Every structure is written in structure tokens, then in C-alpha cells.
Amino acid sequence: MIGRGWLRAVTADLCRHWRHFAAASVGIILGVAALTFFLALGLKVRELLLVQVFPANHIEVVPRSADIDLFALRLDLGRDALDAAVIADLASIEGVDAVYPKMRLTVPALASGGESLFGSGLQTEIVADGIDPKLVAGQVGGTFREVEGDRNSTRCSRDEQCGDDAYCDGALSFSGGSCQPYIPVLVSPFVVELYNGAFRRSYGLPKINPDALIGLTFEMDFGASTFRPSGLAPIRKRMRLAGVSDKAIPLGVTLPLGEVRRLNMALTGPAAGEQFHSAVIEIRSKQKAPAIVDAVEAMGLEVRDRGARRAAFATAVIMVVLALVGGVLIAVAAAHILHVFYLVVMVRRREIGLLRAVGARRGDIRNLLVAEAAVVGMVAGLLGLAAAFVAGLAADAFAASQVPDFPFKPESFFSFSPWLLVAVLTLAVVACVIGALPPAFRAASGDPSEALAGR
Amino acid sequence: MIRLEGVRKRYPEADIDVLRGIDLTINAHDFVSIVGRSGSGKTTLLHLIGGLDSTYDGTIEVDGENLRSLEDDELSDLRSRKVGYVFQAYHLLDHLTCRENVSVAALFARGKMRREASRVRRRADELLATVGLEDAGHRSPTTLSGGERQRVALARALFHQPEILLCDEPTGNLDLETGHEIVEMLSEVHRTGEMTIVAATHDEKIAAAGARVLRLREGRFVGSEGGGK
């Protein structure tokens, strides 16, 4: 066939019966729009859960809990911590690249400061944990590091005498102070989201840019509490915010592991230095994850973020069910296409006879009708994709103006990835072609002599 | 050359024997008229010769090829290479222009019959000029008179330079004067195109254009004028 002439013949046929095809296309348009809308929504939500809430290449392992509720209390009968031997066992699991233990600060702490940011000082109870700086080296660079080696006994009376990375501890004391390094800390993006979303509204504070927080300094009193006296001699240190990381504790601050270990040992005894509350396993590939999770559970431990995985799975299931509605619409539309093509073939009976008379083979007739169906599917599919995109924009605009900020609230709730668009468009074309195949085969198999006679 | 031997055709659902033993030989470049009333089997005979209908008894050979031995696709190829049709009802495609109607066979041409788009267009315009419709290329067939439509149909039949032109009541829907114009055109095509023409008609005056006239009645030839069987 000659391409241009053939295309002209196809489009001319479609234009002639455009009312029929337009009616048949409505179902395809709606189906494609619904399918694309829900799949794009599902993909984005899943991406949020798995990429931001549940980092893809890391699994956090915690002691298996065995909680029993007794009236108002919940008794924890399970293991409370991971020791060095367990950490070593985790590192030996096939497919594990590295194990990064985490240690929770086991004493209360008070944080105070923030005058430069809030206008007046803020003091709050705070929880903290410690992680290996290597775990976040790719995210925050070298500013989050162990600072034990930086300690010195240089005498000072002002911070300026200690350089950029240290402050003058005890500058106001009678005998003068000594230079001590700032302890680098990390906060979770969840903290920033919580502040920007709800906290700042309650206190009439400004919205803050997470990048502007880097370098913020504040003081922490370890072992101190306004809520319940600990009986410990508090240790005061000055912190400097080194970055925002999803590896940081969700509500609180994260310090270098060595710093937390030293604080725990200093305040509660040497044994506290070997008790880790969790460990982050870095896995070689996502495909290995299920086997590693199985091995972890066989060790009597459990994976903390399974809830996120379950949430992602549940979200995916809901989206698939909603997308199925779109799929059913497309299937119904394909049935409609079938009826329309039967009608069109009947109307064009003599014409098909004529085409056979001038030399068209059965396959040519079949291909002509299938090509028409493919064009219908392509046009309807593109319109459906456009409708889904517009609906997505409308939903995003609604969410931006009407839905309050919440942690991890994205700018767009939809992920219109190219492969999704291509796949749905292909589905629309295939559905139309499948719908047109039976009438196309019937038209092609007819006797040309009878077709010309209108029998 | 066209040769039919003992050709019978029956429509079992209507319980009718349309052709009852046709023996016929048509030499290359002949102009043969087949005359008979409606229902005498003229159209069926033309459809059988052109390979449009392959359910019959007997033997049909076109240019030495036994049609019964050809597959459906081969019959299509035979039509696209050697046979042109002119129908009483024109069978023009109203959604295409006259030029596109004339060149519609190019859509399905294969092998040596395939032409470039520019050559297809030039050939269609030449043929429209030949039938006196040089300005109708871009027009829709619906804007033409009956005679003009049949001329477009004739140009379509000649597009692929067939060896055999089968005309089924080519003047059946036309007034006498227009009918004569079409017959004149067929005679001209026969003279200049060196092709075999088989025209079925019920009009004796039209039939006289043929060098040889065969009379068909109730599925049998009952007379012949102008020589040959």
C-alpha cells in the first residue's frame, strides 16, 4: 500500500462515520482518563511512601516486640536492645553491604536556643539518638562527623578565640573556659514539615526554609529535665545543625553515634555503650530485600518499616482497584467499538466489494478496518490522557488551596511517567483493535460478488 | 484470451441455475457484447470471468490461468494486474475525491504495480482528462452527473492498464445520449488501448458497438453475431 494514500483512505472513512466513532470513543476516553488518573495517583503515593518514608536500599532492624496490654500499661516482654554480637550477625547475612547501629540517648535532655530564628529563646524536652556518620555521608557530606578528636584544652574567654568549629565552654566562669567542638546534629524532614505545617501556625511563627537551618546552634543539657528530675549531673554541650536527613530520628535530634555512646556511658554506666536500639542494614539490591528480611526475622528481630511497606502495598491495591474501573470502562468501550464496526462494515458492504474488485486482498480489507480502529484508539487515548492530565492539575490545585499542609505533602499528587502514558495509550489502541477484529475478519471473508450485489 | 468450458452456476438458496453450461472463447483484443434480459446471467458471467465469484462448475481460464487453481489472494492479484470493472451503479466512493477514486487500486497494488504517490496522481489526472473530466480531480463524485460518474468509473477501471475490461450494463443508469457517449468512449478505449472488452447489456443499440454479439437467455447462449462461438 502507498502510505499517504492509505492514511488518507483511513481518515476519510473515519470522517465519514465520525458520529459513530465519536460515540464509541467516549468510553475509551473515560476509561483511559480514569485509568491514567488513578495509576498516576497510586504511583506517586507509593513513591512517597517507599522513597521518602521508607528508603529503598535500607532496612531498619529492631528487637522483636512482645507487648502485652495490662489495663493502662503495656508490658514489653521482648528484647530491648541489640548488642555487638547481633550487629555482627546482621553483617554476615548474604546481600548485606553494611550495618549501621543506632543508639538512643537513654537519659532525658533539654534543648534551648533558637533566638536568631524565633526572636526569643525556646526550651524543650527533646529525645535524641546517634547514628554512624557514614550512613548519611552521601546526604549531608562531611559536616556530620565524630568530633571526639577535636577536643582540646585551649583556654578561652570568648567563642571567637576557638575558631569556626568550636565554642568557648565555660567562658563566663571565674577561671575561664576551654574550647570545645560543636556537636553536629541532624533533624528529620518530618520535623521541618511538622513545624511548617502545624507548629508555626499555633505560635504565629514564620515558615522556614530547611536549607536556612544549616549552621543553627543551640545548647543541650543531657541528663536534665523539666518534666521529671533525673538525679543526674547534667552535661551541657553546644550543638550545630549539620543537615536535614530522612535517616534522622523523626521527632528529635540525631547525633554522631560516638557522642551518644559517650553520653550514655557517662550518665548511666559503661554497659550502656554496647546497647543499640536498632540497626540500619544497607542492602546490595532491592531484589535481595525479601531474603534479607526473612533472615532478620529468623534471628528473632523484626523490620521496623514494614508498616510503610504495608501502607504502600495497601495504597497500590486501592489504586489498582480504582484503575480496574478504568479498565472495565475500556473493555466496555471495546465492545461498543465492535458493534460500531459491525454496523460500519454492513453499511460499507458494496464498497468493500468494490475494493476487492480492484484488487484488494482479504488481508488488505482487514488491515484497513484494523487501522481505522487503531486511529480511533489513538485519538481517543490521547484525549483520555489529556483529560487525566487536566483532572490531575485540577486535583493538585484543589489540594494546594484546600488541603492543609501535612508531612511530605507533595507539590503534585500524580506521577505521569512516560511509560505509564505509553502503556495506557497502547492499551486504548489494543482495545479498539481487538474490538474491531471480529467485524474486520467478517468483512474480509465476505464474497466480493455478493457484496457488490448488496446481498 | 478468455476460455470458459461447461461453466454452470447455481444459487442454491434461491434454487436457481443462473448459468447452465457456458462454453465461450474470447480472443485477446476482442470487443464482445453479451446481450440478455435482467436475470439472464450476464452479471454472474462477468463476475466469474473476473474471479470475483469462485463457486461454479466447469473451467474458466484467463490468459492461460485456470481460475479454479488460484487462491483468493492470487485472484485478487489477477484482478489488480489484468482486469478492470465498470459497473452499472458506478460504485464510486463518495467520501473520496474523483482523483482518489480513479487511483483507489493503487492502495492495494503490489510489486511492479506499485507506483510513487506523484506518479499515481499524474496517472489519475491523465485518465480523467482522457474521459473529459480534467477539472474534476479534486471534486467529490456526489457533485457529478450520472454520465460523469460513469466516466470517472471508466477512468478507475483503466488506471492499472488492464488487459481485460469487464463492463456490466455500463449505460444502464444513463439516458440514451449519455449512454452513447460512454459507448463511444469504450470503443475508443478498445481501439487505442488494445484491450479485450466484454460488455454486458440489455440494450441492442449499445450491443452493436461490439464486434461480436452473444445472446444469453436463461443461462445459455442462444445466438451469436459477428463470428466465433
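The values are calculated or read from the model by the stated rules, or taken from the named source; none is laboratory data. None of these values were measured; they are calculated from a predicted model. Ideal geometry is used to build each Cβ from the backbone, glycine not excepted, and the neighbour counts take in all protein chains shown. Remember, those area values only see protein heavy atoms, side chains included, never the ligands or the DNA or RNA. Shrake-Rupley method; radii C 1.70, N 1.55, O 1.52, S 1.80 Å.
Would you pick out the residues in the range A:214-228 that are out of contact with any helix residue (DSSP H, G or I) (no Cβ under 9 Å at 6 or more places or on another chain) and under 18 Å from A:Ala266 (Cβ atoms)?
Of everything in the range A:214-228, those that are out of contact with any helix residue (DSSP H, G or I) (no Cβ under 9 Å at 6 or more places or on another chain) and under 18 Å from A:Ala266 (Cβ atoms) turn out to be A:Glu219, A:Met220, A:Asp221, A:Ala224, A:Ser225.
Considering the range B:197-215 alone, what residues qualify as being β-branched (Val, Ile, Thr) and open to solvent by 10 Å² or more (accessible area, probe 1.4 Å)?
Hits for the range B:197-215 are B:Ile206, B:Val213.
Would you point out the residue of the range A:163-178, among those that are modelled with pLDDT of 85 or more and in contact with a helix residue (DSSP H, G or I) (Cβ under 8 Å, 6 or more places away or on another chain), that is most open to solvent (accessible area, probe 1.4 Å)?
A:Asp165
Starting from the range A:209-220, take each residue that is in the same structural domain as A:Ala109 (by TED's automatic domain parsing) and list its partners that are in a loop (DSSP other than H, G, I, E, B) and not acidic (Asp, Glu), counting only C-beta distances under 8 angstrom and pairs at least six apart or across chains.
A:Leu216/A:Gly114; A:Thr217/A:Tyr182; A:Phe218/A:Gly114; A:Met220/A:Ile126
Within the range B:19-41, can you find the residues that are closer than 16 Å to B:Glu169 by Cβ, more than 13 Å from the chain's Cα centre (by Cα) and either assigned to a strand (DSSP E or B) or within 14 Å of chain A (Cβ to nearest Cβ) (or both)?
B:Val35, B:Ser38, B:Gly39, B:Gly41
When you scan the range A:215-276 for strands (runs of 3 or more DSSP E) that lie fully inside it, which ones turn up with 2 or more residues that are among the charged types (D, E, K, R) and either over 11 Å from A:Leu105 (Cα atoms) or modelled with pLDDT under 90 (or both)?
A:217-222, A:235-244
For the range A:79-198, please list each of the helices (runs of 4 or more DSSP H) lying entirely inside it that holds at least 2 residues being under 23 Å from A:Gln275 (Cα atoms).
A:84-91
Any residue in the range A:411-420 that is surrounded by fewer than 18 Cβ atoms within 10 Å (Cβ to Cβ) and among the aliphatic types (A, V, I, L, M)?
No: zero hits.
For the structure I just gave you, tell me whether B:Ile49 is away from every other protein chain (no Cβ under 11 Å), surrounded by 20 or more Cβ atoms within 10 Å (Cβ to Cβ) and within 22 Å of A:Ser445 (Cα to Cα).
Spelling it out, B:Ile49 is indeed away from every other protein chain (no Cβ under 11 Å), surrounded by 20 or more Cβ atoms within 10 Å (Cβ to Cβ) and within 22 Å of A:Ser445 (Cα to Cα).
Quick one: count up the residues across the range B:42-56 that are assigned to a loop (DSSP other than H, G, I, E, B) and either among the hydroxyl-bearing types (Ser, Thr, Tyr) or at pLDDT below 90 (or both).
Adding up the residues that qualify gives 3.
So which residues in the range A:408-455 are of a type outside the set (Lys, Arg), assigned to a loop (DSSP other than H, G, I, E, B) and under 30 Å from A:Ala40 (Cα atoms)?
Residues satisfying the conditions are A:Phe408, A:Pro410, A:Glu411, A:Ser412, A:Phe413, A:Phe414, A:Ser415, A:Phe416, A:Ser417.
Restricting attention to the range B:53-78, report how many residues are of a type in the set (Ser, Thr, Tyr), touching a residue at least 40 places away in the same chain (Cβ under 8 Å) and surrounded by 19 or more Cβ atoms within 10 Å (Cβ to Cβ).
Residues meeting the conditions: 1.
So, in the range B:122-144, how many residues would count as being assigned to a loop (DSSP other than H, G, I, E, B) and either within 14 Å of chain A (Cβ to nearest Cβ) or open to solvent by less than 60 Å² (accessible area, probe 1.4 Å) (or both)?
Of the residues in the range B:122-144, 8 are assigned to a loop (DSSP other than H, G, I, E, B) and either within 14 Å of chain A (Cβ to nearest Cβ) or open to solvent by less than 60 Å² (accessible area, probe 1.4 Å) (or both).
Among the listed residues A:Pro206, A:Pro181, A:Pro189, which satisfies the condition of being modelled with pLDDT under 90 and touching a strand residue (DSSP E or B) at 6+ places or on another chain (Cβ under 8 Å)?
Just one listed residue meets the conditions, A:Pro189.
May I ask you to say which residue of B:Arg81, B:Arg119 is in contact (Cβ under 8 Å) with a residue 60 or more places away in the chain, within 12 Å of chain A (Cβ to nearest Cβ) and open to solvent by 50 Å² or more (accessible area, probe 1.4 Å)?
Of the residues listed, the single one that is in contact (Cβ under 8 Å) with a residue 60 or more places away in the chain, within 12 Å of chain A (Cβ to nearest Cβ) and open to solvent by 50 Å² or more (accessible area, probe 1.4 Å) is B:Arg81.
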